[in-house]
């Protein structure tokens, strides 16, 4: 290489992709799922749920100030984060399950990047026209009034979608009607405006400009999915043994030797990532199946059987090449790997449901005060101090009574009240200082550590909870 020869570039500039409109079974399914998922996202914060006085009436709410997560009738406290962890584990196992059975079906149908990109492309098609019209506008170098008008209109609609996306997100963290009023009247917290601005920009950029670049370069899943798939995984594939050799001139000499593929590029023109599925499995393929709809439409027009591009497994290829019928789809799905993922996913789900139903509406934690470990009173009694936290998960105040077992000579005292009971506000955590006193000469006073058990009882319904701890007597001195 001479000095005058420029070094080859390691970066290929992105060529924008303008997918063509297509109709068919899978396109209709994608529209339905897009409406369903977007409906859930935008509508959920506005669903009301009556929980009684002093509690939020929003069905789904992440109350960061109150450190609570509300999901319809379920209320998750901070110390119950294992429920959230369990849901994340289920989400991961579910992704493994669907990928091992149906390839990147999540990416093709329900991934937020796919859903919002579909919506942005729909808006782009409404404003600028179908694929050919958008290509002509893109290749037009001169910025005239028409091009500027179309671009400004499209970008404005994209920004509005992005703003609605960011707005819907912040409604999950505060009462939606109240926050909407504060946002409109410019009285909301700056964090709300900042969050909306960030999500508006990311939605506008990812869905409008980055599109397939997020799926190909930013998302790690294309590089991980191979570990979840095997030769029985159902994915989008091209039957090259039926389509090759491809050719357009069906009336020319030797046309009878051609396969079913007429090389119309319809499958390429509708692909949102711009690949040619006829080149085999590729990392960029999100298995959205739009190429199946496009190819089936062409096959109908030329009088050939559908399925030149179809959902199939690699084992089907071997069978069909040999003239054998493909295996049943259920035999592909119900295989050891899928059954294992399904079992793990169900086990975690059942465990969460079981934990949800057995959890108590009251709970208690006990922390002994170790400085000092005990106090010698004037009458010779030994006193230990404990910080007890009482949690009332009910929607109304409840009176909790405290008691201790382990040695009958121990006496319990509550700071600030002559009684052994205390009122705990609704849905609150109350810290109460508690003393255990051992009379002089008793076993707990003379011995070292004595095992004790603190009990709390809800005097309204009799529900109880307990925590084990220790009493430190004079025998604990070095």
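Packing, as the average of other Cβ atoms within 10 Å across residues, places the peptides 368-379, 228-239, 16-27 in the order 228-239, 16-27, 368-379, highest first. Here the contact order of the range 329-478, divided by its residue count and restricted to Cα pairs under 8 Å and six or more residues apart, works out to 24 percent. Computed from label points 7 Å out along Cα-Cβ, the spacing between residue 347 and residue 21 is 5.1 nm. Shape verdict for the range 258-362, please, from the Cα gyration tensor: rounded (a/c under 1.5), prolate (a/b greater than b/c) or oblate. In terms of gyration-tensor shape, prolate. The overall shape of the chain, judged from the alpha-carbon gyration tensor, is prolate: a/c is not under 1.5, and a/b is greater than b/c.
Put in line by how crowded their Cβ is, counting other Cβ atoms within 10 Å and starting with the fewest, 362, 382, 198 read 198, 362, 382. Does anyone have the angle between helix 112-128 and the longest principal axis of the chain? Alpha-carbon axes, 0 to 90°, nearest 10? With both axes taken from Cα atoms, the answer is about 40 degrees. If R0 equals 35 Å, the separation of the Cβ atoms of residue 241 and residue 334 corresponds to a calculated FRET efficiency of about 0.85. FRET efficiency for the pair residue 63 and residue 447, taken as 1/(1 + (r/R0)^6) with r the Cβ-Cβ distance and R0 = 35 Å, rounds to 0.15. For the range 45-145, the share of alpha carbon pairs falling in successive 10 Å distance bins from zero is 12, 22, 23, 21, 14, 8, 0 percent.
Kirkwood hydrodynamic radius of the range 362-476, from the reciprocal of the average inverse Cα-Cα distance over all distinct pairs: 14.4 Å.
Relative to the globular-protein estimate of 2.2 N^0.38 Å, the Cα radius of gyration of the range 9-103 stands at 1.64. Please say if the range 82-217 is rounded, prolate or oblate, where rounded means a/c under 1.5 for a ≥ b ≥ c the square roots of the C-alpha gyration tensor eigenvalues, and otherwise the choice is prolate for a/b larger than b/c and oblate otherwise? Taking the square roots of the gyration eigenvalues as a ≥ b ≥ c, the range 82-217 is oblate.
Contact order, relative form, for the range 369-447: 38 percent (alpha carbon pairs under 8 Å, 6 or more residues apart, mean separation divided by residue count).
All distinct Cα pairs of the range 307-405 go into the 1/r average, and the inverse of that average, the Kirkwood radius, is 20.9 Å.
Taking every alpha-carbon pair under 8 Å whose residues sit at least 6 apart, the chain reaches a relative contact order of 14 percent.
Counting only alpha carbon atoms, the long axis of helix 81-102 and the longest principal axis of the chain meet at about 20°.
Here residue 140 and residue 82 are evaluated by their C-beta separation; at R0 = 56 Å the FRET efficiency comes out at 0.45.
Fully extending the segment from residue 284 to residue 36, taken as 0.36 nm per residue of separation minus the present Cα-Cα distance, adds 86.8 nm.
For the chain, the longest principal axis of the alpha carbon atoms and the long axis of helix 190-205 meet at an angle near 20°.
Laboratory data are not the source of any read-out in this text; all were calculated from the coordinates shown. Just so it is clear, the structure is predicted and the values come from calculations on it, not from any experiment. Note that each Cβ is placed from the backbone with ideal geometry, even for glycine, and that neighbours are counted across all protein chains shown.
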